[in-house]
Amino acid sequence: MVTERIKPVITLSHNPKNLRTMSFFYQKKYSARCLLVFLLLIGMGYHAAAQSRQISGTVTDSTSREPLPGVTVQVIGTANGIQTDVNGKYKLTVTPGAKLSFAFVGYNTRRVTVGDDPVINIRLSNKRSDLEEVVVVAYGTQKKPSVVGAIATVSAKVFEDRGPTNNPIANLQGEVPGMVVTRTSAQPGRENWNFQIRGATSVNGQDPLVILDGVALNNNNELNSINPNDIDNISVLKDGSASIYGARAAYGVVLITTKKGKAGKMQIQYDPSVSEKFLGLQPKMTNIDQWANGLLQAKTNDNYGVAPTTDLWYQMANFALANKGTVVLASQIPGNTTGGITANSFYNGLPVPAFLDVKELDFIDVSLQQYLWGRATSTQHNLAVSGGNEKNTYRVSLGYLNDGSQLQIGNNGNQRYNLRLNNSYKFSDRVQLETNIALEQNNIQQPTMYTTGSYSALGNGFQVGLPMYTQSGKPYQWGGVASPAGLLRDGGDNLENNSRALLNSTLTYNFMKHLTFTGTAGYNVWWQDDRVQTKTVRLYSYDDKYLTGTTAPSGGSTGGSENYFRANINDKYYNLIGRVTYANTFNRVHDVSLMVGSSYERDEYDMFNTRTYNLGSDDVPSLNLGLSSSQAGFVTNDEQRNHYALGSYFARATYAFKGKYLFEATGRYDGSSKFIADKRWKPFYSLMGGWRLGEESFIKKTNIFSELKLRASYATSGSQGGIGLYDYLQSLNVSSSNTLLGTALATATTTTGNLVSLNRTWETVIKRNIGVDFGLLNGRLNGTFEVFRNQNKNMLVSVTYPAVLGIGAPQSNNGDLKTWGWEGQLTWRDHVGQVTYSISGNITDSQNKLVYFNGVPALGPGYNATVEGYPLGSYFGLKYGGRFQTQAQVDTYNNTYYAPGGVINTIGIPAATPLTNLPGQNSGLRPGDNYFVDVNGDGKLTTGTSAKDMGDLVYLGSDVPRYTFGLTLGLQWKGFDFTSIFQGVGKRTIFRANGSANNWRVPFAALGQAQTTQWVGNTWTPDNTNAYYPNLHSNGINGYNYQISSWSVENGAYVRLKNLVIGYTLPKSLTDRTKAISRLRFYISGSDLWEYSKVHDGWDPEITRTTAGNERYPFYRYVTIGANITF
């Protein structure tokens, strides 16, 4: 090479021996021409010596800034090169203008031209991860460029630094396009995380299929006991890519792969964290002043502006303002000698409200909410040991979570314990065995009586002022209202203990070079032990003198009596899968793969429970403490046993030509024990194709795309939603009763009230998808966009028959539901100097229409789950016209719409009757109340009964979220890292009208309950005519004003700061000094820290429309401090 020729010349010109060489020329009397040529060569040597020089530098990873050893640094077109040392450093002698190549496996090659700078530092970027990425697909893996289905993937990073996570699905909220993740509660262990893939598929509910390490989960509740720290990656199959799972693929499929060990020295990873929970959004309760002043105003409005001084609750409000912060005992009131309140009493000049069933009047200015809810602490520890060699790799992990509850009274919380062993052993080059063993324990505690009574902790509560306990700390009761605190503390515990063992082994045997057999055996078993104790709680007056009531009295044999309940569930699930795969490449351009297989699944469920009443002692609960166990009715028992099985045959064929033209077809033939024999088996299939346009020369020449791929699919998938285990058999109810004569028992047998269906079969969902994957700007900008359409044309729906049938008709497959939408994702990754950053966003929109629902388009005002011709979960109501500002407007409205033609309106307009105390006023309504629009123009205000006759009802929207989105921002600088995740919904209609008093939505709809503050200072008055809320009332006008309308529904759109993480990793030079720690990172993270919404009622915009039971646990914010330590 040139440089090598230069070196001897340089040496020649400086070495004294060269003088002897010159003498040799003279001695031999060479010609002058030879001497001249030699001198010219010497001159060229000096010139080259002046031009050649040494350069040096360091090669690092562009993202982590870590040095890269083994990078090949070479002068292009020559053999002159070297590799970087362990510190990423290199030295090389080159000439100016030389072109250098920096190449390393897994990284993009860099080429630079040598200039004047002797130091050239290079940062190499990873090759596009989505091109090199191996994607987990059904029954195997594929390189991402060859994937033709709509498959979204998330890595283990999604589950890091999130604090207490009871279900890994929670971490996917806002992360996966096409997946809508929701929750219904914040109760530890019972958050009820739900997810839907690409919207609704059927009116018959069914969850997406979840596959864990190749074996299906029998019930998605099993996700509650999985440790998210053990998850390596998740793939979400959304289109025809899921159809190979046939009978359960209609709702999509989620593939979870847990972490495995890697060959190398043993590594120990320890991740501790502690989190503090803070209350998030929940309706705020009024204080004494707000409650009393609002009640005075409402009562006065009810009475057309005249104070109703003799009204019981009007007197109560006045009395509360005068005695705020105190408890007025009956014994303190002059003339009360019976221990209770008597009529016509006065206290400090005010009439005492005559609540004759109470022993005191309470006005402590602390709301029930302040007593019940507060902060909580959660701790989490994860320990993993992994390593191995070329033949044997292992990973053992331990996990512990203690999740505290915001409910401040009673025994409430959740603990999770995890032990997992993943092992892979290579017997030979042809045989490998992979084993996964997981033992999981999940214990949940909650107070038994947390929903007892209409004023319970999870109900609407009582009005402000009542204390939680008596003055000595005993359970308190005011009249018939028991304080929730005493019931929570003393009413007993509801304990649920779940244990799971998940075992599976996969044997891989390579018959020959291109032929492989894979067999998987899975066994999952779930044990649940429920222990529920209902204790007797004695309730007292505030001064402890009077026993005012008893909940769950002893000695009885009914559900409201003291008792102890035990239940045990044993659920065994078996799964056997075998498949043979042939894969080969012909002539370097034809990639062919064929897989055929079969599987068998079986589930066996066994549950029994027993309850004993009239316990001799409730200190230590036991079934054998029942004093009346030998008497009928004091011991109850129940047992359920069932099973089902699913057999399947499946196949997949793939073909790729030159890696550019991709084809894939799958087929599955499923048989389910849930159907009668001749309807048991059904085939499902998918056809998918892709074209990697980015590999075409005419695209490459543009230098625009680093990747461009078009995809399309058509598939059928099945669903068993709505199908019972034995619906094809006629079930009978058996009961007993006394005979007319004698003492023997007679056995009575009756039907279940429904006919058996012998012609029901699978719901079949047709799925269509078109997608594009692209990369721009040298892979810095990557994205995907999908358009999809699903249709369920044989959906199982109820059939209506004439009433003369005398029995319930069976369901049939004649419903039709159409779902369509789009989704997209964009990711930008780059760096500025030493700062590496990324921005990733995704958005999904899904709509549906119930095309046919047995020809029954019935509807009514409010929430309608199913209305033919409309989306699922639709709201219908009146069109809001505005608010009356004058009495003339009120009179015109009454004269027109109260009873046109003598027919009373059906929207609840109060009767317009003269008032004796205010002559001239002639209306139940008054200025400040709402009015509604005659939409159909028939001169009436009516609510219709069907989509064909809607009256004046209009479609107001759907409870189903639309435009769900997520935005992730990442930043790394030296050892610091920053991540933030925003998540939200662009469109959702909410109308919370469940339970008594409409969940605090309507002010003073029930006077004895707690009131919320959303209306305070924002109700209509003559001086505040632009207020959001109408007149305050406490009578039936509330029902008219707050009925569902375009005014009363809520806008459920929101954006939330879902997660924020700031971390710092110590320099390796420091951790290396410890001789034990190879990596140490500290971080602080926060979740659900902030949100923006336009919801008025105070509830979190994500919470359900029903807000009943444990749905009333307020969502929380939490801050976590943790560490990642690698030994």
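Observations, loosely collected:
- Only residues that are assigned to a strand (DSSP E or B), at pLDDT below 95 and more than 23 Å from Glu562 (Cα to Cα) were counted in segment 525-548, giving 0.
- Answer residue from segment 243-280, given it is over 19 Å from the mean Cα position of the chain (by Cα) and among the charged types (D, E, K, R) and is surrounded by the most Cβ atoms within 10 Å (Cβ to Cβ) among those: Arg248
- Checked against the criterion of being touching a residue at least 60 places away in the same chain (Cβ under 8 Å), of a type in the set (Gly, Ala, Ser) and not in a strand (DSSP E or B), segment 900-911 has at least one qualifying residue.
- Residue that is surrounded by the most Cβ atoms within 10 Å (Cβ to Cβ), among those in segment 212-228 that are over 17 Å from the mean Cα position of the chain (by Cα) and either under 27 Å from Glu823 (Cα atoms) or at pLDDT 90 or above (or both): Val215
- Search result, residues across segment 711-732 that are in a strand (DSSP E or B) and buried (at least 16 other Cβ atoms within 10 Å of the Cβ): Arg711, Ala712, Ser713, Tyr714, Ala715, Thr716, Ser717, Gly718, Ser719
- Filtered residues of segment 826-857 (kept if more than 30 Å from Leu796 (Cβ to Cβ), part of a loop (DSSP other than H, G, I, E, B) and touching a residue at least 24 places away in the same chain (Cβ under 8 Å)): Gln834
- Residue in segment 688-727 that is farthest from Leu646 (Cα to Cα), counting only those that are among the aliphatic types (A, V, I, L, M) and touching a helix residue (DSSP H, G or I) at 6+ places or on another chain (Cβ under 7 Å): Ile699
- In segment 932-954, residue farthest from Gln847 (Cα to Cα) [restricted to those that are of a type in the set (Ser, Thr, Tyr) and surrounded by fewer than 19 Cβ atoms within 10 Å (Cβ to Cβ)]: Thr945
Quick grid of which residues meet (1) part of a strand (DSSP E or B); (2) touching a Gly at 6+ places or on another chain (Cβ under 9 Å); (3) among the small types (Gly, Ala, Ser):
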site: Gly559; (1), (2), (3): no, no, yes
site: Tyr573; (1), (2), (3): yes, yes, no
site: Val580; (1), (2), (3): yes, yes, no
site: Val596; (1), (2), (3): yes, no, no
site: Ser599; (1), (2), (3): yes, yes, yes
site: Met607; (1), (2), (3): yes, no, no
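- Residue match in segment 138-160 (condition: in a strand (DSSP E or B), under 12 Å from the mean Cα position of the chain (by Cα) and crowded, with 20+ Cβ neighbours inside 10 Å): no
Table: residues versus (1) over 32 Å from the mean Cα position of the chain (by Cα); (2) among the hydrophobic types (A, V, I, L, M, F, W, C); (3) more than 23 Å from Pro353 (Cβ to Cβ).
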{"position": "Ala1010", "(1), (2), (3)": "no, yes, no"}
{"position": "Asn1018", "(1), (2), (3)": "yes, no, yes"}
{"position": "Asp1023", "(1), (2), (3)": "yes, no, yes"}
{"position": "Tyr1028", "(1), (2), (3)": "yes, no, yes"}
{"position": "His1033", "(1), (2), (3)": "yes, no, no"}
{"position": "Asn1038", "(1), (2), (3)": "yes, no, no"}
{"position": "Gln1043", "(1), (2), (3)": "no, no, yes"}
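- Output for segment 844-862, where each listed residue is closer than 25 Å to Trp820 by Cα and either surrounded by 21 or more Cβ atoms within 10 Å (Cβ to Cβ) or of a type in the set (S, T, N, Q) (or both): Thr844, Ser846, Gln847, Asn848, Leu850, Phe853, Asn854, Leu859
Condition check ((1) outside any strand (DSSP E or B); (2) not assigned by TED's automatic domain parsing to the domain that holds Ile577) across all residues:
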position: Asn624; (1), (2): yes, no
position: Gln631; (1), (2): yes, no
position: Asp638; (1), (2): no, no
position: Tyr655; (1), (2): no, yes
position: Asp670; (1), (2): no, yes
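- Among residues of segment 1037-1085, those that are crowded, with 20+ Cβ neighbours inside 10 Å, out of contact with any Phe, Trp or Tyr (no Cβ under 6 Å at 6 or more places or on another chain), hydroxyl-bearing (Ser, Thr, Tyr) and part of a loop (DSSP other than H, G, I, E, B), counted: 1
- Any hit, segment 882-890, residues being aromatic (Phe, Trp, Tyr), assigned to a strand (DSSP E or B), at pLDDT 95 or above and surrounded by 19 or more Cβ atoms within 10 Å (Cβ to Cβ): no
- All positions within segment 169-208 that are within 30 Å of Gly519 (Cβ to Cβ) and surrounded by fewer than 22 Cβ atoms within 10 Å (Cβ to Cβ): Gln206, Asp207
- Inter-residue pairs, beta-carbon under 9 Å, first surrounded by fewer than 24 Cβ atoms within 10 Å (Cβ to Cβ) and in segment 470-488, second basic (Lys, Arg), 6+ apart: Lys474/Arg538; Gly479/Lys359
- Checking each residue in segment 896-926 for being over 48 Å from the mean Cα position of the chain (by Cα) and either modelled with pLDDT of 90 or more or acidic (Asp, Glu) (or both) picks out only Thr896.
- Taken together, Ala1027, Ala1010 contain a single residue that is small (Gly, Ala, Ser) and free of Cβ contacts under 8 Å to residues at least 40 places away in the same chain, which is Ala1027.
- Residue match in segment 566-588 (condition: more than 30 Å from Gly140 (Cβ to Cβ) and either in contact with a His (Cβ under 9 Å, 6 or more places away or on another chain) or touching a residue at least 60 places away in the same chain (Cβ under 8 Å) (or both)): no
- Residue ID - surrounded by the most Cβ atoms within 10 Å (Cβ to Cβ), chosen from residues in segment 962-989 that are within 21 Å of Glu1102 (Cβ to Cβ) and either among the hydroxyl-bearing types (Ser, Thr, Tyr) or modelled with pLDDT under 95 (or both): Thr964
- Applying the condition of being aromatic (Phe, Trp, Tyr) and over 23 Å from Ile766 (Cα atoms) to segment 655-690 and asking which residue is surrounded by the most Cβ atoms within 10 Å (Cβ to Cβ) yields Tyr655.
- Looking only at residues of segment 447-469 that are under 21 Å from Asp530 (Cβ atoms) and touching a helix residue (DSSP H, G or I) at 6+ places or on another chain (Cβ under 8 Å), we find that the one that is surrounded by the fewest Cβ atoms within 10 Å (Cβ to Cβ) is Thr451.
- When each of Thr520, Thr506, Thr534, Thr610 is tested for being under 35 Å from the mean Cα position of the chain (by Cα), under 30 Å from Glu222 (Cβ atoms), of a type outside the set (A, V, I, L, M, F, W, C) and surrounded by fewer than 18 Cβ atoms within 10 Å (Cβ to Cβ), the lone residue that passes is Thr610.
- Verdict on Leu39 being over 30 Å from Phe976 (Cβ atoms), touching a helix residue (DSSP H, G or I) at 6+ places or on another chain (Cβ under 9 Å), at pLDDT below 70 and assigned by TED's automatic domain parsing to the domain that holds Leu124: no
- Any hit, segment 783-806, residues being within 30 Å of Arg123 (Cα to Cα), in a strand (DSSP E or B) and not β-branched (Val, Ile, Thr): yes
- Meets criteria (β-branched (Val, Ile, Thr) and under 23 Å from Asp1088 (Cα atoms)) for Ile226: yes
The values are calculated or read from the model by the stated rules, or taken from the named source; none is laboratory data. Just so it is clear, the model here is predicted, and its values are computed rather than measured. When we count neighbours, we look across all protein chains shown, and the Cβ atoms used for this are built from the backbone with ideal geometry, even at glycine.
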